[in-house]
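A quick write-up on the structure given underneath.
The values are calculated or read from the model by the stated rules, or taken from the named source; none is laboratory data. Since the model is a prediction, treat every value here as computed from it, not as a measurement. Here the Cβ positions follow ideal geometry from the backbone for every residue, glycine too, while neighbour counts run over all protein chains shown.
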């Protein structure tokens, strides 16, 4: 398998940095039954039936925090205990990993991997090699939101465990103490508010989380719908766009997303020494009011709430960008449950029941302040009043790998672990040795060269 990461919104930024556990038992040997037929489908799985089914399955995922009894929310142990009240004979062994994005790929490459796992960044054409199809895209669209996230050739191979949107986690008390009465809607207003925090409080206005690396790559997620208002931009238009990192002159698009970070650092509105940032420590710092805000997906919101005694002070706001008088927010699936194609029929059936129960009955997505996945429950704690929440449209037929190819050739790795390039913005802004426009010109050159190398039409 090619170890190329899929260019999916928020993919790498969603890994939680906590203590890892050891490996669990694996999925089992293959049976001859066709997983597309019979009741081995998502739509054919009816909760409340087959409660006497006996099977042992394993579950590998990135949420190490949920594997700890100290987690402020509902733990994996608690979810499985509730699951076993209805399905007492399905034993679910959970394993988590701090380096999940890489280690999950290693598990797949070994050929001996868990019954259920969060699908790592594999090429969609390789999905059927590792995972069984849940159902057709038409059937899955009736069951869940974001069904097309891991769809290939009409079949769906992943069910999101939650869905997120893109904004900024912030401390409401810090903003109030700084004299900020309304949330910013433009880059200029945001920088002005950060300055107010610096002038009127002891909090760090914007915490970069530079040292963690992957938190820097999270900035890429904002250059699509948030910055353009266009659901087609990220997966259909970006690869064809000439000089996508140029200033459009209206405070929108990628240029102005990244410029927020450059300006904040250059104006001294971030931590004093970016090399000493601490991801785990930042959660409690924001909760207690030592940090004003951080640019992270909504997946981080519940973690900040649970990191101290001041959950009510933690808020989540839209990204400060307005397109033609309207604010937008991108939504997308977080990691998705995949089921081992080589598992036995009993394990597949048990895994389908487990995944559907987690999706329809567990309230996990709601508990984690996520957007709804199940079509049966549209509840969410997130409230973006007046903001259009949109989902990126899929790549055009025949262009599914274009963004991967562009990322590989340009080495910019948009939404693909491009941590280094964002860290470089912080470095240059801090040192003052390279202007922001010079950085963007370099990126445009790399992008143009990659378009030419891959024979991609520029529009």
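Overview of results
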| quantity | calculated |
| --- | --- |
| Sole exception among (1) surrounded by fewer than 24 Cβ atoms within 10 Å (Cβ to Cβ); (2) free of Cβ contacts under 8 Å to residues at least 60 places away in the same chain for residue 161, by number | (2) |
| Those residues of the range 72-86 which are crowded, with 19+ Cβ neighbours inside 10 Å and in contact with a helix residue (DSSP H, G or I) (Cβ under 6 Å, 6 or more places away or on another chain), in sequence order | 76 |
| Residues that are closer than 27 Å to residue 415 by Cβ, at pLDDT 95 or above and either surrounded by fewer than 22 Cβ atoms within 10 Å (Cβ to Cβ) or not assigned by TED's automatic domain parsing to the domain that holds residue 93 (or both), drawn from the range 339-371 | 341, 364 |
| Condition broken by residue 343, with the remaining ones in (1) part of a loop (DSSP other than H, G, I, E, B); (2) touching a residue at least 24 places away in the same chain (Cβ under 8 Å); (3) under 29 Å from residue 296 (Cβ atoms) satisfied | (3) |
| Criterion (in contact with a helix residue (DSSP H, G or I) (Cβ under 9 Å, 6 or more places away or on another chain) and assigned to a helix (DSSP H, G or I)) met by exactly one of 430, 379 | 430 |
| Inter-residue pairs, beta-carbon under 6 Å, first assigned by TED's automatic domain parsing to the domain that holds residue 202 and in the range 284-296, second surrounded by fewer than 19 Cβ atoms within 10 Å (Cβ to Cβ) and part of a helix (DSSP H, G or I), 6+ apart | 289/173 |
| Test set (1) under 26 Å from residue 229 (Cβ atoms); (2) in a loop (DSSP other than H, G, I, E, B) - residue 295 fails condition number | (2) |
| Single match in 374, 331, 336, 408 (criterion: over 17 Å from residue 61 (Cα atoms), surrounded by 17 or more Cβ atoms within 10 Å (Cβ to Cβ) and within 16 Å of the chain's Cα centre (by Cα)) | 331 |
| Positions within the range 211-249 being in contact with a strand residue (DSSP E or B) (Cβ under 7 Å, 6 or more places away or on another chain) and part of a loop (DSSP other than H, G, I, E, B), in sequence order | 224, 229, 231 |
| Counted residues, the range 185-210 - those being farther than 19 Å from residue 304 by Cβ and not in a helix (DSSP H, G or I) | 2 |
| Only listed residue being in contact with a helix residue (DSSP H, G or I) (Cβ under 9 Å, 6 or more places away or on another chain), surrounded by fewer than 22 Cβ atoms within 10 Å (Cβ to Cβ) and part of a loop (DSSP other than H, G, I, E, B), chosen from 268, 284 | 268 |
| From the options 154, 179, residue that is modelled with pLDDT under 95, touching a helix residue (DSSP H, G or I) at 6+ places or on another chain (Cβ under 8 Å) and at positive phi | 154 |
